[in-house]
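A short write-up of the structure that comes next.
The values are calculated or read from the model by the stated rules, or taken from the named source; none is laboratory data. Keep in mind it's a predicted model, so treat the numbers as computed, not measured. Backbone-built Cβ (ideal geometry, glycine too); neighbour counts: all protein chains shown.
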Amino acid sequence: MPLFPRLALAGALIAAAAGPAFAFDAKEKEEIGKIVREYLVTNPEVLYEAQQEWNRRQQAKLAEQRADVLKTYVSKIDEKKLHAVLGNPKGDVTLVEFFDYNCGFCRRAIKDIDALVDNDPNLRVVVMELPVIREESVGAAQVSIALNRIAPDKFRAFHDKLLGGQSLATRDKALAVATEVGVDRKKLEAAMGAPEVEATLLESKQLADDLGVEATPTYVIGEAVVPNTRGIVDDLKGRVAALRKCGKAMC
């Protein structure tokens, strides 16, 4: 049978198969398989087009999901108040930062974030641990979360020292840094066993997944998800100003 009629036949059979009462026997299934294979081998660009369409649909689905999450993420974060806050806890603009203590780009960005906080008395930065770089990052994140729970006044000093360092951030390194900034190690180790520590990590991961965050650092402000760039300070400053002016990250 010529290719075109065979394809037409395959299409008709597949369409009929969508009906609940239609079923192919083994011989018909084998014939359809041969037709489809022959067509794909002859027209491989169809596979590329299908992949492109699948990607488009996935991106559209992610964009829709992200749009819904961006409407409520601040209120959800505030509901449980699990995460550390830099700057003004009652600030009029909230900036969320996803970071990893072993992320090189996060380390380079820390001075920029500190400058934003220090120069804007009404900015609130919610830092969300997303330990994805190395396995050791999980232990460092657990120490960080527990420290914020028992000694929030020491958090920024700890955070800047650990994230600003050059050595591998591990559980033991984080505990040592915590001791250096004046936190009782035994109390901190006990606090690490609290269920809120795991809950904090899970909330960070869930929000990151919902927003399509795949790398650190990533910033969320208003309705915008902003990856780290060379000009991130000016970018974020502009978005903060826009939120105050028109209620959106870009007016």
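So that you can scan it fast, the table gives a plain yes or no per residue for (1) in contact with a helix residue (DSSP H, G or I) (Cβ under 9 Å, 6 or more places away or on another chain); (2) modelled with pLDDT of 75 or more; (3) outside the structural domain of Gln206 (by TED's automatic domain parsing):
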| position | (1), (2), (3) |
| --- | --- |
| Leu9 | yes, no, yes |
| Ala15 | no, no, yes |
| Ala26 | no, yes, yes |
| Val36 | yes, yes, yes |
| Leu40 | yes, yes, yes |
| Asn43 | no, yes, yes |
| Val46 | yes, yes, yes |
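If a residue has to be touching a Ser or Thr at 6+ places or on another chain (Cβ under 8 Å) and farther than 18 Å from Cys103 by Cα to count, how many in the stretch 218-251 make the cut? It would help to see each step written out before you state the result.
Taking the stretch 218-251 as the starting set, the residues that turn out to be touching a Ser or Thr at 6+ places or on another chain (Cβ under 8 Å) are 221, 225-228, 235.
Cutting the leftovers down to farther than 18 Å from Cys103 by Cα gives us 221, 225, 235.
Of the residues in that region, 3 qualify.
I need the helices (runs of 4 or more DSSP H) fully contained in the stretch 158-232, keeping only those with at least 3 residues that are over 18 Å from Pro131 (Cα atoms). Don't jump to the end; show me each part of the working.
Numbers: elements: 171-180, 185-191, 195-211.
In the stretch 158-232, 171-180, 185-191 are the helices (runs of 4 or more DSSP H) which contain 3 or more residues that are over 18 Å from Pro131 (Cα atoms).
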* Please list, ordered by first then second residue, the pairs with beta carbon atoms under 6 Å, 6 or more apart or interchain, first in the stretch 84-99 and free of Cβ contacts under 8 Å to residues at least 24 places away in the same chain, second assigned to a strand (DSSP E or B). => none
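Could you please let me know if Phe105 is in contact with a Phe, Trp or Tyr (Cβ under 8 Å, 6 or more places away or on another chain) and either touching a residue at least 24 places away in the same chain (Cβ under 8 Å) or surrounded by fewer than 13 Cβ atoms within 10 Å (Cβ to Cβ) (or both)?
Details: in contact with a Phe, Trp or Tyr (Cβ under 8 Å, 6 or more places away or on another chain): no; either touching a residue at least 24 places away in the same chain (Cβ under 8 Å) or surrounded by fewer than 13 Cβ atoms within 10 Å (Cβ to Cβ) (or both): yes.
Judged against the criteria, Phe105 is not a match.
Only one of Val126, Val96, Val85 is touching a Phe, Trp or Tyr at 6+ places or on another chain (Cβ under 7 Å), among the aliphatic types (A, V, I, L, M), crowded, with 18+ Cβ neighbours inside 10 Å and in the same structural domain as Glu214 (by TED's automatic domain parsing); which? Give the derivation first.
On the way: Val126 fails: touching a Phe, Trp or Tyr at 6+ places or on another chain (Cβ under 7 Å); Val85 fails: touching a Phe, Trp or Tyr at 6+ places or on another chain (Cβ under 7 Å).
Among Val126, Val96, Val85, only Val96 is touching a Phe, Trp or Tyr at 6+ places or on another chain (Cβ under 7 Å), among the aliphatic types (A, V, I, L, M), crowded, with 18+ Cβ neighbours inside 10 Å and in the same structural domain as Glu214 (by TED's automatic domain parsing).
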* Which residues, taken from the stretch 214-240, are under 16 Å from Leu123 (Cα atoms), in contact with a strand residue (DSSP E or B) (Cβ under 9 Å, 6 or more places away or on another chain) and free of Cβ contacts under 8 Å to residues at least 24 places away in the same chain? -> Asp235, Arg239
